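The values are calculated or read from the model by the stated rules, or taken from the named source; none is laboratory data. What you see is a predicted model; the values in this text were computed from it and never measured. Cβ: placed from backbone, ideal geometry, glycine included. Neighbour counts: every protein chain shown.
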Amino acid sequence: MEIIPLRAELHLIKPAFGQTYLWRDGSELTLVDTGIPGSGPDLAAAFAELGFRRADLRRIVLTHCHEDHAGSAAEVRGWGEVEVLAHRLDAPVVRGERPRAEPVLTEPERALAEQFAGFPSVPPCPVDTELDDGDTIGFGGGAQVIGTPGHTDGSIAIRLPAHGVLFTGDLVANSAEGPLLGPFNTDRARARESFVRLAQVPAELVCFGHGDPLIGAEGAAAWRALGERCQGGPDAVPDPLG
Ligand SMILES: [Zn+2]
Ligand SMILES: [Zn+2]
């Protein structure tokens, strides 16, 4: 487990696999994603190290249903009065009512997918609030839900306009070559269209489902440059695995 401070209100916590973001409004805590199944003890250790009480966790926002994001939602929801929020199209998968739609893999993605096979299955988790594009969630000064279908049907990004922060989920991953289309999409063409739209959203601090956040003046400039590039449309989206 690793903790990376990003802002006074924001920490990146990395359990065994996956990335979760902990946002703090006063004593009220919000977790964006939960890591793979079994990450509860790592997240509890992170709370302890940061001096936070598990009982102050108010909500879990899931960017989508995949095991490295929703994997520990059921466990962490049990910490107290915790509301779980997910997009209405991924909520049935999180609840275990419907199997997830499998990604359509490109040739370069096949080898990569083998490395990530064998995660434990996701324990079903109640979804207390179903989200839709354009909804606002009560944290971070008003968190905007941005529907980004393509990685999964119910993938979302979360924007905190008051803080210039953007959580992209898995639609965008960061890499040594910069931000690119995340792998393992159920509908790649749709994901590219979502990418074009999301890249136009202004942000100073961009937090990805995988890869290092874009932070500081350099990070903000990299995000702006990506937005400009993507004005060229879906074919301009960086997609080396496509
Ligand atoms: Zn995913
Ligand atoms: Zn992921």
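Annotations
- GLU204 being among the charged types (D, E, K, R), modelled with pLDDT of 95 or more and within 22 Å of HIS11 (Cα to Cα): yes
- When segment 55-75 is filtered for residues that are buried (at least 24 other Cβ atoms within 10 Å of the Cβ) and either touching a helix residue (DSSP H, G or I) at 6+ places or on another chain (Cβ under 7 Å) or not charged (D, E, K, R) (or both), the ones remaining, listed by number, are ILE60, VAL61, LEU62, THR63, HIS64, CYS65, HIS66, HIS69, ALA70, GLY71, SER72, ALA73.
- Of all residues in segment 212-227, those that are within 15 Å of PHE167 (Cα to Cα) have Cβ atoms under 6 Å from Cβ atoms of residues that are assigned to a helix (DSSP H, G or I), 6 or more apart or on another chain, in LEU214/ALA222; LEU214/TRP223.
- Taking the listed residues ALA191, ALA217, ALA203, ALA222, the one that is away from ligand 2 (no atom under 16 Å from the Cβ), assigned to a helix (DSSP H, G or I), surrounded by 15 or more Cβ atoms within 10 Å (Cβ to Cβ) and among the hydrophobic types (A, V, I, L, M, F, W, C) is ALA222, with no other qualifying.
- Residue in segment 1-22 that is farthest from ligand 1 (Cβ to nearest atom), counting only those that are assigned to a strand (DSSP E or B) and under 14 Å from ILE60 (Cβ atoms): LEU22
- Any hit, segment 125-138, residues being within 14 Å of the chain's Cα centre (by Cα), under 22 Å from PRO202 (Cβ atoms), more than 16 Å from ligand 1 (Cβ to nearest atom) and surrounded by fewer than 21 Cβ atoms within 10 Å (Cβ to Cβ): no
- Qualifying residue in segment 76-99 (condition: exposed (fewer than 14 other Cβ atoms within 10 Å of the Cβ) and within 16 Å of ligand 1 (Cβ to nearest atom)): yes
- For segment 49-67, the set of residues classified as touching a Gly at 6+ places or on another chain (Cβ under 7 Å) and within 16 Å of ligand 1 (Cβ to nearest atom) consists of THR63, HIS64, CYS65, listed by residue number.
- When segment 169-186 is filtered for residues that are within 13 Å of ligand 1 (Cβ to nearest atom), in contact (Cβ under 8 Å) with a residue 60 or more places away in the chain and part of a loop (DSSP other than H, G, I, E, B), the ones remaining, listed by number, are GLY169, ASP170, PRO183, PHE184, ASN185, THR186.
- Test: residue in segment 23-30 that is within 16 Å of ligand 2 (Cβ to nearest atom) and either in a strand (DSSP E or B) or within 18 Å of VAL84 (Cα to Cα) (or both): no
- Number of residues in segment 34-58 that are in a loop (DSSP other than H, G, I, E, B) and either in contact (Cβ under 8 Å) with a residue 40 or more places away in the chain or of a type in the set (Phe, Trp, Tyr) (or both) equals 5.
This table checks each residue for (1) away from ligand 2 (no atom under 16 Å from the Cβ); (2) farther than 25 Å from PRO5 by Cα.
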| position | (1), (2) |
| --- | --- |
| ASP56 | yes, no |
| ALA70 | no, no |
| PRO99 | yes, yes |
| PRO103 | no, yes |
| GLU109 | no, yes |
| ASP128 | yes, yes |
| GLY134 | yes, yes |
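- Residues in segment 48-78 that are in contact with a Phe, Trp or Tyr (Cβ under 9 Å, 6 or more places away or on another chain) and over 21 Å from PHE208 (Cβ atoms): ARG53, ARG54, ALA55, ASP56, LEU57, ARG58.
- Positions within segment 37-86 being among the polar types (S, T, N, Q) and either at pLDDT below 95 or under 21 Å from ASN185 (Cα atoms) (or both), in sequence order: THR63
- Filter result (of a type in the set (S, T, N, Q) and touching an Asp or Glu at 6+ places or on another chain (Cβ under 8 Å)) within segment 145-175: THR152, SER155, ASN174
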